[in-house]
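Every number in this text was worked out from the coordinates using simple rules, so none of it is lab data. Everything quoted here is computed from the prediction, not taken from an experiment. Glycine gets a Cβ as well: all are built from the backbone with ideal geometry, and neighbour counts include every protein chain shown.
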Amino acid sequence: MAKSVMNSAQYNGKQPEPEIIPVIEETIFSKIIRKELPSSMLYQDELVTAFRDINPLRPTHVLIVPNRHITTVDDITAEDEAAMGRMFTVARKIARDEGINEDGYRLIINCGEHGRQEVPHIHMHMLGGVDVGPMLSRKG
Ligand code: 5GP
């Protein structure tokens, strides 16, 4: 997403030059990643961060996110492949740390409006510690 903004020449009354500056719209997750907001952080490296969901839906509910702000799965580019792969290897590590790897768990990534994604920064939910239940109801 890009927004048009005035540059300094426009403020000085000079001939305006069209300028498009991309605006990265951060979410609360970026502040958690930078440790500007508190969280129960379990893991962080140069590509991804994992922290406990503030409103856990199962005994283990961890969010694994890329450090770079990527809005949805639809916004992933080839440059993001390392971070996307790291999300899975970190999921495996956290499952072992949490002691849920043998019983199993569910990984969910919601995307966009129909996917009911609430926070527009890609995140993988890890849910476990109990049989998490059927994947989806059969309606619609
Ligand atoms: P989504 O519906 O976008 O897939 O999931 C967003 C998740 O982020 C929800 O499970 C919600 O509880 C979690 N969440 C929202 N705000 C915060 C926060 O400030 N801290 C933490 N740790 N989790 C959050």
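Per-residue Cβ neighbour counts within 10 Å put 88, 51 in the sequence 88, 51, beginning with the fewest. Let a ≥ b ≥ c be the square roots of the eigenvalues of the Cα gyration tensor of segment 67-140; is it rounded (a/c under 1.5), or, if not, prolate (a/b larger than b/c) or oblate? Oblate, since a/c reaches 1.5 and b/c is not below a/b. Listing 71, 49 from fewest to most neighbouring C-beta atoms within 10 Å gives 71, 49. Counting neighbouring beta carbons within 10 Å and listing from fewest to most, the residues 47, 63 come out as 47, 63.
Once you wrap a convex hull around the alpha carbon atoms of segment 35-102, what is its projected area averaged over all directions, in nm²? Before the final figure, lay out the partial values.
Numbers: hull surface 21.3 nm².
Answer in nm², one decimal: 5.3.
When you work out D = kT/(6 pi eta Rh) for segment 8-128 at 20 °C and 1.002 mPa s, using the Kirkwood radius from C-alpha pairs as Rh and the Stokes-Einstein form, the result is 135 µm²/s.
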